[in-house]
Amino acid sequence: MRARLLGLLLLLVPLSAAAQQQQPEPAAGRHERPLATAEAAMVVAAHPLAAEAGAATLEAGGTAADAVVAAQLVLNLVEPQSSGLGGGGFLLHHDSRTGRATAWDGRETAPLAAGSDLFLDASGAPLGFWEAVVGGRGVGTPGTVALLHAVHAAHGRLPWPRLFEPAIRLAEEGFAVSPRLAALLAGREGERLRGDPAARALYFPAGEPLAAGDTLRNPAFAATLRAIAEAGPAAFYRGAIAGDIVAAVQGHAGNPGLLAEDDLAGYRVVPRDPVCAAYRGYRVCGMGPPSSGALTVGQILALLEHFDLGALGPGSPLAWHLFAEASKLAYADRGLYMADDDFVAVPVAGLLDPGYVTARAQRIARAEAMPAPAPPGNPPWRQREPRAAGADGERPGTTHLSIVDAEGNAIAYTGSIEQAFGATLMVRGFLLNNELTDFSFRPEVDGVPVANRVQPGKRPRSSMAPTLVYGPDGRLAMVLGSPGGSRIIAYVAQTLVAMIDWGLDPQAAVALGHVFNGNGATQVEAGTEAEALAEPLRARGHEVAAREMTSGLHVIRITPDGLQAGIDPRREGRAVGW
């Protein structure tokens, strides 16, 4: 099978001379990749072994829904800092027969025993972020297993147990630790992980962190996978595994949580309608509430549609000024209005209403930046009850998969356990999430409730933005998403601008240096061509800071000649197909 997979590796096709002239200059010392292409099917994942597992599943006759199961299970093993059985995610599925997109909500939920004071100390003050992360307090009911099973039941073709075979084999036989995982184990993230006995024994043998190239075996994880392969989600949400999860959460000595067996037994995946926004004749569809991803990406693009970015190009400081200003306004609305709309009324239609967006766009001046933070707007169809803006501490412990199968079905899936290594609690070979820290720690401001406050059974707001883009002809044109915490929204919006407005191919688009404004200072990506924008942006009144921005963008573009992949050079991703 390994030799067969090598035959699937994508051809790395150099760009034509004309296309090369359109690409921005890479930053000095940055690892660049050539454009990857395939004729029929493609899997782009954050680790080569996961991409290979997904592609092998497609080659065996599986669908995109089969491939996402196989790839995510391998990612849990080889990239445990980012996603897995102990977390959750959002998935968009495109059905090639009907042309219909469905959004699947596998986000974690707050325990039924959790109240709005979950992240307040004895005096009523919000806890510090790191006080809440390590231990059981921040653990929500995991959704990954239920999500994968629901999507497979609806759209899969191969037998459920077969999809577990690649991850089980790697867990038992071992795999080489990647440089990224080794660096995290040796860093501050690894120091927090040492506090859990099972994680310490697995990742720090003889007291030292595993190094790049070391062989890692995880037999406990293999046993967990075998149980779920044989019995389905019931093996995870009821019985011994569920009991061990609850014991780890409630029994943490320093920071116990409230997750109970009833929370696990009652967990449900929610199919939802995608939220779609128009941009330059394209239809950009993503995950709506409880994610803020599609709405905020959609608002940024709708605001930018009032400006001719195509005439400016990726080297224009004015273009990035406009991008930052549009982001300010969109993030302002995100902070006030967006949360789990099963609990809080979110004015989805109002936030994307053309008249409302046009009025907001008129606040953007070409010559100078508006003061930050910008105030939220007053969209139509919003509820009139008082509402306060809240802050969250969303972190980039996340992964993204983009998949297109040979029949044209597609999946954009973003999964997460929140902070790197999640809550640093290991159960039966996998790590538990700390996703509840995505809630606002402060439930109200001056007596006015915050939309994203903790409530029993509620799903915390997210920025995850798995995205399907339909072209002017109505056909699927792009599949994309990224990890990156609250910056995910900007990463996805910027990539769409790069491809739609500036005509960049997917690889050049994901390699662009990032610019981010979450309604505060404007951040430019350190070590990239974006740093050259700092002074021109300051001249327009921006407060500018250079920051590391480790996105993990994975893009598939569908063209008449086949598929093209964008693989983020900042991480270890791979595209595999045929």
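The values are calculated or read from the model by the stated rules, or taken from the named source; none is laboratory data. All figures in this text were calculated on a predicted structure; none of them were measured in a lab. Note: ideal-geometry Cβ built from the backbone for every residue, glycine included; neighbour counts use all protein chains shown. Surface accessibility is based on the protein's heavy atoms, side chains included, excluding ligands, DNA and RNA. Shrake-Rupley method; radii C 1.70, N 1.55, O 1.52, S 1.80 Å.
At a threshold of 8 angstrom on Cα-Cα distance, excluding pairs fewer than six apart, so keeping six or more, what relative contact order does the range 426-511 reach in percent?
Over the range 426-511, the number comes to 16 percent.
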| message | Taking amide H atoms as placed 1.01 Å from N in the peptide plane, list the residues 5 or more away in sequence, or in a different chain, whose amide H sits under 5 Å from that of S292. | response | S462, S463, M464
| note | Helix-only [θ] at 222 nm, the chain, -39500 (n - 2.57) per DSSP H run of 4+, per residue, nearest 500, equals -9000 deg cm²/dmol
| What are the radius of gyration and Dmax of the range 521-578, computed over its Cα atoms and given in Å? | 16.2, 49
| message | Can you compute the radius of gyration and Dmax for the range 283-419, using only the Cα atoms, both in Å? | response | 16.6, 50
| task | Would you mind pulling out the separation of the Cα centroids of the range 317-371 and the range 209-283, in Å? | result | 34 Å
| request: Just name one of V284, A265, N255: the one whose Cα is farthest towards the positive end of the charge dipole of the range 207-332 (beta-carbon charges, Lys/Arg +1, Asp/Glu -1). | output: V284
| request: Kindly report the accessible area of the chain per residue (heavy atoms of protein chains, probe 1.4 Å, no ligands, DNA or RNA), in Å². | output: 35 Å²
| Which cross-chain or sequence-distant (5 or more) residues have an amide H under 5 Å from the amide H of G541, H modelled 1.01 Å from N in plane? | A369
| field | Karplus (6.51, -1.76, 1.60) ³J(HN,Hα), θ = phi - 60°, over the range 260-271, in Hz, Gly and Pro reported as x | value | 10, 5, 5, 5, 5, 5, x, 5, 9, 7, 10, x
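Around R280, with a cut-off of 10 angstrom between Cβ atoms, what is the net charge of the other residues, counting Lys and Arg +1 and Asp and Glu -1?
Result for the neighbourhood of R280: -2.
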| note | So the compactness index of the chain, its C-alpha Rg divided by 2.2 N^0.38 Å, takes the value 0.90
| remark: Calc'd 3J(HN,Hα), the range 43-60, phi into Karplus 6.51 cos²θ - 1.76 cosθ + 1.60 (θ = phi - 60°), Hz, glycine/Pro = x, comes to 10, 10, 9, 7, 9, x, 5, 5, 5, 5, 5, x, 5, 5, 5, 5, 5, 7
| Which of Q494, Q299, N218 sits farthest toward the positive end of the charge dipole of the chain, with +1 on the Cβ of Lys and Arg and -1 on the Cβ of Asp and Glu? | Q299
| Can you list the HN-Hα couplings for the range 401-406, worked out from phi with the Karplus curve (6.51, -1.76, 1.60; θ = phi - 60°), rounded to whole Hz and with x for Gly and Pro? | 10, 10, 9, 10, 9, 5
| Amide H partners (placed H, <5 Å) of H554, local residues excluded | G481
| query | Over the range 129-206, how many percent of alpha carbon pairs lie in each 10 Å bin up to the one with the longest distance? | reply | 13, 29, 35, 21, 2
| request: Would you compute the Debye intensity of the range 247-315 from its alpha-carbon atoms alone, equal scatterers and no solvent, and pass along log10 I(q)/I(0) at q = 0.11, 0.14, 0.23, 0.28 Å⁻¹ to two decimals? | output: -0.54, -0.65, -1.00, -1.13
| message | Taking all protein chains in place and a 1.4 Å probe, what share, in percent, of the accessible surface of the chain do carbon and sulfur account for? | response | 52 percent
| Dipole magnitude of the chain about its Cα centre (Cβ charges: Lys, Arg +1; Asp, Glu -1), debye to nearest 20 | 280 debye
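Defining a contact as two alpha carbons under 8 Å apart and six or more residues distant in sequence, what relative contact order in percent does the chain show?
24 percent
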| message | Give me Rg/Rg_expected for the range 428-539, where Rg uses Cα atoms only and Rg_expected = 2.2 N^0.38 Å with N residues. | response | 1.38
